[in-house]
1. Taking the range C:288-304 as the search range and keeping residues that are facing chain A (nearest Cβ under 10 Å) and either hydroxyl-bearing (Ser, Thr, Tyr) or touching a strand residue (DSSP E or B) at 6+ places or on another chain (Cβ under 6 Å) (or both), which one is surrounded by the fewest Cβ atoms within 10 Å (Cβ to Cβ)?
2. Which condition breaks for A:Lys298 when tested against (1) within 14 Å of chain B (Cβ to nearest Cβ); (2) at pLDDT 95 or above; (3) surrounded by fewer than 20 Cβ atoms within 10 Å (Cβ to Cβ)?
3. Got a number for residues in the range B:85-132 being more than 10 Å from every other protein chain (Cβ to nearest Cβ), surrounded by fewer than 17 Cβ atoms within 10 Å (Cβ to Cβ) and of a type in the set (Ser, Thr, Tyr)?
4. Could you list, in sequence order, the residues of the range C:247-285 that are within 14 Å of another protein chain (Cβ to nearest Cβ) and part of a loop (DSSP other than H, G, I, E, B)?
5. Kindly provide the set of residues from the range B:51-69 that are out of contact with any strand residue (DSSP E or B) (no Cβ under 6 Å at 6 or more places or on another chain) and either among the acidic types (Asp, Glu) or part of a helix (DSSP H, G or I) (or both), ordered by number.
6. Here are B:Val128, B:Val134, B:Val94: which of them is assigned to a strand (DSSP E or B), touching a residue at least 24 places away in the same chain (Cβ under 8 Å) and within 28 Å of A:Tyr292 (Cβ to Cβ)?
7. Looking for whichever is surrounded by 22 or more Cβ atoms within 10 Å (Cβ to Cβ), touching a helix residue (DSSP H, G or I) at 6+ places or on another chain (Cβ under 6 Å), facing chain C (nearest Cβ under 10 Å) and within 28 Å of A:Glu219 (Cα to Cα) here; the options are A:Ala125, A:Ala136, A:Ala107, A:Ala156. Which one fits?
8. Would you confirm whether any residue within the range A:90-102 is closer than 21 Å to A:Ala136 by Cβ, out of contact with any strand residue (DSSP E or B) (no Cβ under 6 Å at 6 or more places or on another chain), away from chain C (no Cβ under 14 Å) and part of a helix (DSSP H, G or I)?
Amino acid sequence: MKHLLSAGDLTAAAATEILDIAAEMAAVQGREIKKLPTLRGRTVVNLFYEDSTRTRISFEAAAKRLSADVINFSAKGSSVEKGESLKDTAWTLQAMGADAVVIRHPASGAPYRLANWVNGSVLNAGDGTHEHPTQALLDAYTIRSRMGRIDGLRVAIVGDVLHSRVARSNALLLKTLGAKVTLVGPPTLVPQELGDVSYDLDALLPDSDVVMMLRVQKERMHSSYLPSAREYSRRYGLDGARLRRLPEHAIVMHPGPMNRGMEITPEVADSPRSTIVEQVTNGVSVRMACLYLLLGGK
Amino acid sequence: MPYAKTVLTDADVQRVVDRIAHQILEKTQGAQDVVLMGIVSRGVPLARRLAERISAFEGLSLPVGALDITLYRDDLRQQAVRKVGHTEEPPGGVDGRRVILVDDVLFSGRTIRAALDALSDLGRPGVVQLAVLVDRGHRQLPIRADYVGKNIPTALTEKVRVKLAEIDGTDEVQLEAA
Amino acid sequence: MKIYIRDGLIVDKAAGAQVVDTDGLVALPGLVDLHTHLREPGREDAETVLTGSRAAALGGYTAVCAMANTSPVADTAGVVEQVYRLGQEAGLVDVQPIGAVTVGLAGERLAELGAMAESAARVRVFSDDGFCVHDPRLMRRALEYVKAFNGVIAQHAEEPRLTEGAQMHEGDVSQRLGLTGWPAVAEESIIARDVLLAEHVGSRLHVCHVSTAGSVEVIRQAKARGVQVTAEVTPHHLLLTHELATSYDPVYKVNPPLRTASDVEALRQGVLDGTIDIIATDHAPHTSEDKECEWAYARPGMLGLETALPIAIHVFGEQWDLISERMSYAPARIAQLSGHGHPLTPGNPANFTLIDPTAKWAVDPHGLASLSHNTPYAGMTLPGRVVHTYLRGVQTVENGKVTK
């Protein structure tokens, strides 16, 4: 694996290998000594054009636990803010000897552009409304840990699918791994082209093994996607009553950060069905596995 | 001229494993506090067989673990990315115990170097020993085995191929040259 | 075949005439581009009137219409005269300025269309290209107003409320790539409105860069009703599709965006049946800073002048009558360029180009005459090479090299 740009690039075998390695990495995370010498002498640059402390520290922890050197390059207060182009930044990183660049960027496809301009590996940590492949991998890992499998599961991805990189990556990856994915939300926010679609959350709940809630941003109200936050939560928010309509074994996921009260109520977020905290923990293991596969060989 | 000759038959392999089991019992005062750690991949079935033999001889049930050393290798950059195997801590852990690392072939010693690092990240054993089915020489590090099934003098160009029933369907050790 | 030229005109064989031996080449009337961005004044780092004229001559053109979205905008007699004079100085093609419809292309009030029409540049085509004249009342007034001097409004058909933040054709590819979609209906709804407005006020309407099958259908119906509407298509919309965006390379970013294969097919059919009157390049040079970046931050547009004729040959084959009509006669008629767009018969201006239709050439972005390199055809092998071009009997291209 040279780059990790899209969850759609992973075959079922490749994705399963990542999850298997992540399981080994997770075992390391449970030990007193959490560090591995694997990537000694390798340099990983975290190139973040968006504020995302959660994702950045997750990648930073992953790289450090594999003994890589980590350089954090945040766009704020740097040459980027002074107008440096992505291409010039790429050359700078190249000159620093970056073996891998983890990039978070507001423009869809920016990691693809970067991959043309650096020799090292590029890892997409979220690009615009395109993809967030490591989030999908950690979600798949979480589902597999909780449910024992992914193949054959019925997964509902609920919310602002149109603007969600998490939804795109998950739809691709979970389908590759054999799940039946349904995208759920109001028609203005759920495009037809990405997979099976439903506008009726209540009808779907009794037949769902996994419900993945997406963050719905307040600004969607301003461009006529939604009439109001209240109407959205009434139709598509996951509350206690809806939680009880799920099968006994079903789990509730959310990539965070949550809008409590909007797409999910505190009762649901804090219930034992919720995997939200595990998702964060699993993020480090999955990212360790990805970094190993990108940098652990010739 | 390419060749492949059998240096240990299936019966030989079983005899050698029996002998190592006896030696472990002798050298460790009846396998007190012993933990067997098989190195992935063929060290793991060997460790299980040793535990099984020791159990048969003395009625002792020794803890067995598996140690994958991929993430500790010093030659990762020289090849395409390697598969990562499964590490399994033995029941009761390794702290303060007499850990016997088990592998199929001892060659350069680099695998054992990596295994010592991996083991020390799992905990702090009291004693670490090494048991191998075959020692083929050509050490590159100051490492030696405590229990050797068979010493096989080899040329550097030769390959020692160990087959075990659990993985390969049959027990055999061959010496090959391309 | 031999062509005889005297005093800039094609003549019958006559003493003292200059003789051009076509020598196995195909002689076409000098091509006319109704849609060219020359970037001067304002973005001389991307293109100048001179470098754009070179590219045009090398593409077989003898006249180009320069779009108004320069800096300053060509919305006054002063700016259009400046562009016109720069074209005369370059002397390789006739550069006919297009005037802006609204002041500063802002879509709020009419520019002084009459003053531009009466200027030395004699502007007849008006366009806010790059922006749509989206206010229906303003569009209606513009269509009416230019009747006084037989002008035409060339509309960039894009309903701006439907294309906010749009990056590429709205469809399965845009969904997959997470790029904001530019729906076909944003073009079709404006064309539908405009043909009704043109019909209502009895004016001429020209539709720039038609890109969808639905637009072709709207125009076909309007023409059948007798609406005075003409339409253009670009070479890239006749060949390329939205799948190319998958690389996220902004060299494929253009406005209107590349569409689907069935749109391409409908556009080709439109060219063949005359629903689409002309092929125009929408030559849009951009510097590498504006293209070698993230897709969303890149400027839309592609080079076109040097590849338009080869693409036309590639798509339609050696249909010289069709190519002459769509790339010379019809655009000259729409732009009212009386000195261009005539057959190579005695008495007509000696504006023509000689091409080798069998020659294949690989497009090298750095081998083009344009100052910019944003061609989407890099590495493609195209048929048809311009060998010589003549503007009023003066050779502007000789053996594939521009003469100045």
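The values are calculated or read from the model by the stated rules, or taken from the named source; none is laboratory data. Note that the structure is predicted; figures quoted are calculated from it, not measured. FYI the Cβ positions are ideal-geometry reconstructions off the backbone, even for glycines, and counts take in every protein chain you see.
1. Among them, the one singled out is C:Ser288.
2. Among (1) within 14 Å of chain B (Cβ to nearest Cβ); (2) at pLDDT 95 or above; (3) surrounded by fewer than 20 Cβ atoms within 10 Å (Cβ to Cβ), A:Lys298 violates only (2).
3. 1
4. Going residue by residue through the range C:247-285, those that are within 14 Å of another protein chain (Cβ to nearest Cβ) are C:247-253, C:260.
The answer is C:Tyr248, C:Asp249, C:Lys253, C:Thr260.
5. B:Glu52, B:Arg53, B:Ile54, B:Ser55, B:Ala56, B:Phe57, B:Glu58, B:Asp68
6. Criteria check complete, one pass: B:Val128.
7. Answer to the selection: A:Ala107.
8. Let us first name the residues in the range A:90-102 that are closer than 21 Å to A:Ala136 by Cβ, namely A:100-102.
Within this subset, residues satisfying the condition of being out of contact with any strand residue (DSSP E or B) (no Cβ under 6 Å at 6 or more places or on another chain) are none.
No; the residues of the range A:90-102 include none that is closer than 21 Å to A:Ala136 by Cβ, out of contact with any strand residue (DSSP E or B) (no Cβ under 6 Å at 6 or more places or on another chain), away from chain C (no Cβ under 14 Å) and part of a helix (DSSP H, G or I).
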